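Novice: Have a look at this one.
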Amino acid sequence: MKPAGIRLNDEQVRRFICDGVLVLDSGFEPEVHRDIYDKIQWNNTREFNMGNNVLPRIAELQQVLDAPAIHGALQSILGDDYMLHPHRFMHASEPVDEADRNLSLNGSEHGVLMGKGSSGNSCWHQDGQIPMSRARYHVPRLAMILYFPQDTPAERGPTRVIPGTHLQPYLRKSDFPYAFVGDHVKAGTCLLIAFDIAHAALSNRTDASRYMVKFIFLRTRTPTRPSWDGGDVEWRAPKARLGRYDHSETWSYIWDWMRGAPRFASRNASVSKDVRKWMGFLHDTDQEIRLKAIYTLAAMGADAIGPLTESLLRTAGQEREFTCPYMIDKSGAFVPIGDPNVRRWNDVAYTLQDEAYALGAMGEVAVEPLIELLGNDDAWIRINAAFALGEIGPPAARAMPKLAKLLDDERHQVARATLDAMGCIGTNMHAALPAVRRVLTVANPDWRQPMGSSGDRYGEMGVRFNALYALLSSDISMNEVDDVLATCLDDGFGYVQAMALEGLTRGRPGEDRAGLLHALDYLKTHCWDHTLANGQRVF
């Protein structure tokens, strides 16, 4: 059992909403971090990168994740029922050659020199989840902890971030100068960052290795109340923030969403009704303009539904549901081919149409029009409609039977987006349970085409991962699905096995299973993930 968490306060949550980064102290004595550092170094120099096995190889890391300051911060951002994602990774930044240690760096550089044997990416990038490919959410459904087991002054290369970029669909060179680099990151420091924030490694200009362990966390419940200390007042900007952007309308929406407050119910009377004007600002290349348009239109409610759905339908027939190809630029960064402002699916992370974000933010008034769009012949329209219903959350529960039909779709992309939406809605899952059971137990040849050059990734992996996430996030008792969860333990994909184990070990109301849960929690930390065997690459 985790100790009670130390919750964030209003000011910290406001800063996280704006900047996407908070610096936290795990609170342990230096000896704890020194022991972790020594074990990482022993493993990294004698074997291979531990990848997803970093917890079973160095189980002391669980103490850091369970520390009251870290656990409480995650509860504050992701809710009390958050879960640890099965992907985690140890990033090593090895010293550059001695001749290069006089490099003059301010931390904003793209693709800086890294020492031989480093596993960090020094190009500015936003993470994705190959092969699961999740949507770029505006609200905090995912977050990451970056843990540093050693003192990391700037010259030792702490991971740097660009505050505010977690609401950007892609990065621009103009973002780079606004990098945040910790002056002196002491051992035990954790960066709590929004999943989509831009980050990069930095050159290590010392003679000692620098390690950072990344953990991903998932929200499993739509908030109904604030999960931090405070949250009972309307939005106001934090006293200080690091980012350059002003997304006031978006920040206000996120704040209300996190505290379970009515969406735009109290604002419709005063909002501008110039729908045509704000429709013209959708798809603007300036993200500040387009975000303001999205949430201004959302606040207009029913008046904007027709124009938004008509605009969304104009994207039909363009095959945007197919994976967007990528190239590697001269600095080693992955860059999408084509216009980055055009929204389309990719198997890293995908951004939806502006219209879908606006319709999802409206709340219940948009449910019926979105249910109608689920029957559209175009797969990209179905993906966007499902996403928007997920953003509406529990008020969209009546869409569950229609969403369930999309789990037979020939496109795995549609099934994956639909299952994500089901998890976000979280209620009335019984209406979809037979279909969810089917995708977890019956192979679908249409979803098994290899993705990428390795040939060992396919869409059905993402379908099954998302199906288990949907169950874990739903109103279904795990007792009802123990059989299918047990079956998934034999799945060949380690992430599916991990999600099934999470379901099997989740506490059930009214059952006295504390001893068993203690034992299984221990095994979850110490188990070996065979997807990283003999040094092979993990997903």
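The values are calculated or read from the model by the stated rules, or taken from the named source; none is laboratory data. Just so we're clear, the structure is a prediction, and the values are computed from it rather than from any experiment. Quick reminder, even Gly has a Cβ in these numbers, built from the backbone with ideal geometry, and neighbours come from all protein chains shown. Please note that ligands, DNA and RNA were not included when accessible areas were found on the heavy atoms of the full protein model with its side chains. Shrake-Rupley method; radii C 1.70, N 1.55, O 1.52, S 1.80 Å.
Novice: So which residues in the stretch 216-232 are open to solvent by less than 30 Å² (accessible area, probe 1.4 Å) and closer than 26 Å to LEU61 by Cα?
Specialist: Listed by number, the residues that qualify are ILE216, PHE217, LEU218, ARG219, THR220, SER227, TRP228.
Results for (1) farther than 29 Å from ARG34 by Cα; (2) touching a Ser or Thr at 6+ places or on another chain (Cβ under 9 Å), shown as yes or no for each residue.
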position	(1), (2)
TYR137	yes, no
PHE148	no, yes
ILE162	no, yes
GLN168	yes, no
PHE176	yes, yes
ALA179	no, yes
GLY182	no, yes
LYS186	no, yes
THR189	no, yes
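Novice: May I pose another question? Any idea how many residues of the stretch 1-33 are open to solvent by 70 Å² or more (accessible area, probe 1.4 Å), basic (Lys, Arg) and not in a loop (DSSP other than H, G, I, E, B)?
Specialist: 1
Novice: Continuing with this model, one more query. Just checking, how many residues over the stretch 41-74 are open to solvent by less than 20 Å² (accessible area, probe 1.4 Å), in contact (Cβ under 8 Å) with a residue 24 or more places away in the chain and in a helix (DSSP H, G or I)?
Specialist: 13
Novice: Pick from the stretch 362-392 the residues that are charged (D, E, K, R) and touching a Leu at 6+ places or on another chain (Cβ under 9 Å): which of them is surrounded by the most Cβ atoms within 10 Å (Cβ to Cβ)?
Specialist: Only one residue fits best here, namely GLU391.
Novice: LEU103 passes all but one of (1) in contact with a Leu (Cβ under 9 Å, 6 or more places away or on another chain); (2) closer than 18 Å to ARG210 by Cβ; (3) assigned to a strand (DSSP E or B); which number fails?
Specialist: The failed condition is (3).
Novice: Hey, another quick one. Checking the structure you have, find out if any residue of the stretch 481-500 is modelled with pLDDT of 90 or more, part of a loop (DSSP other than H, G, I, E, B) and in contact with a helix residue (DSSP H, G or I) (Cβ under 7 Å, 6 or more places away or on another chain).
Specialist: No, the stretch 481-500 contains no residue that is modelled with pLDDT of 90 or more, part of a loop (DSSP other than H, G, I, E, B) and in contact with a helix residue (DSSP H, G or I) (Cβ under 7 Å, 6 or more places away or on another chain).
Novice: Something else about it: Which is more than 26 Å from ALA59 (Cα to Cα) and open to solvent by less than 40 Å² (accessible area, probe 1.4 Å), of GLY120, GLY128, GLY111?
Specialist: Going through GLY120, GLY128, GLY111 in turn, just one is more than 26 Å from ALA59 (Cα to Cα) and open to solvent by less than 40 Å² (accessible area, probe 1.4 Å): GLY111.
Novice: Okay, next question. Which residue pairs have Cβ atoms closer than 8 Å, lie 6 or more positions apart in sequence or on different chains, and pair a first residue in the stretch 466-488 that is touching a residue at least 12 places away in the same chain (Cβ under 8 Å) and more than 24 Å from ALA386 (Cβ to Cβ) with a second residue that is part of a helix (DSSP H, G or I) and among the β-branched types (Val, Ile, Thr)?
Specialist: So the pair list comes out as THR487/THR441.
Novice: Still on this model: Answer with yes or no whether HIS87 is closer than 22 Å to CYS123 by Cα, in contact with a strand residue (DSSP E or B) (Cβ under 9 Å, 6 or more places away or on another chain), of a type outside the set (S, T, N, Q) and buried (at least 17 other Cβ atoms within 10 Å of the Cβ).
Specialist: yes
Novice: Considering the stretch 169-178 alone, what residues qualify as being out of contact with any Phe, Trp or Tyr (no Cβ under 8 Å at 6 or more places or on another chain) and part of a loop (DSSP other than H, G, I, E, B)?
Specialist: Those that are out of contact with any Phe, Trp or Tyr (no Cβ under 8 Å at 6 or more places or on another chain) and part of a loop (DSSP other than H, G, I, E, B): PRO169, TYR170, ARG172.
Novice: Go through the stretch 393-432 and count every residue that is under 17 Å from THR220 (Cβ atoms), open to solvent by 10 Å² or more (accessible area, probe 1.4 Å) and over 22 Å from the mean Cα position of the chain (by Cα).
Specialist: 2
Novice: Take the residues of the stretch 90-104 that are of a type outside the set (Val, Ile, Thr) and touching a Gly at 6+ places or on another chain (Cβ under 9 Å): which is most open to solvent (accessible area, probe 1.4 Å)?
Specialist: So, considering only residues that are of a type outside the set (Val, Ile, Thr) and touching a Gly at 6+ places or on another chain (Cβ under 9 Å), the one most open to solvent (accessible area, probe 1.4 Å) is ASP97.
Novice: Another question about this same structure. Consider the stretch 169-189. How many of its residues are open to solvent by less than 10 Å² (accessible area, probe 1.4 Å) and under 25 Å from ASP347 (Cα atoms)?
Specialist: The number of residues fulfilling the criteria is 1.
Novice: Further question on the same structure: Among the numbered conditions (1) over 23 Å from GLY462 (Cβ atoms); (2) among the β-branched types (Val, Ile, Thr); (3) surrounded by fewer than 19 Cβ atoms within 10 Å (Cβ to Cβ), tell me where THR323 comes up short.
Specialist: All conditions are met except number (1).
Novice: Considering each of GLN413, GLN449 in turn, give the residue that is without any contact (Cβ under 8 Å) to a residue 12 or more places away in the chain and either in contact with a strand residue (DSSP E or B) (Cβ under 9 Å, 6 or more places away or on another chain) or closer than 17 Å to MET499 by Cβ (or both).
Specialist: Being without any contact (Cβ under 8 Å) to a residue 12 or more places away in the chain and either in contact with a strand residue (DSSP E or B) (Cβ under 9 Å, 6 or more places away or on another chain) or closer than 17 Å to MET499 by Cβ (or both) holds for just one of GLN413, GLN449, which is GLN449.
Novice: With respect to PRO158, determine if the residue is open to solvent by 10 Å² or more (accessible area, probe 1.4 Å) and assigned to a loop (DSSP other than H, G, I, E, B).
Specialist: no
Novice: ILE145 versus (1) more than 24 Å from LEU218 (Cα to Cα); (2) at pLDDT 95 or above: which is the lone unmet condition?
Specialist: Of everything listed in (1) more than 24 Å from LEU218 (Cα to Cα); (2) at pLDDT 95 or above, ILE145 misses just condition (1).
Novice: Something else: State all residues of the stretch 238-261 that are of a type in the set (A, V, I, L, M, F, W, C), open to solvent by 60 Å² or more (accessible area, probe 1.4 Å) and out of contact with any Pro (no Cβ under 7 Å at 6 or more places or on another chain); if no residue qualifies, say none.
Specialist: Result: ALA240, single match.
Novice: Inspect the stretch 126-141 for any residue being over 17 Å from GLY243 (Cβ atoms) and more than 21 Å from the chain's Cα centre (by Cα) and give the result as yes or no.
Specialist: For the stretch 126-141, residues over 17 Å from GLY243 (Cβ atoms) and more than 21 Å from the chain's Cα centre (by Cα): absent.
Novice: Report the residue count in the stretch 254-298 for those that are modelled with pLDDT of 95 or more, among the aliphatic types (A, V, I, L, M) and closer than 20 Å to CYS18 by Cβ.
Specialist: Within the stretch 254-298, residues that are modelled with pLDDT of 95 or more, among the aliphatic types (A, V, I, L, M) and closer than 20 Å to CYS18 by Cβ number 7.
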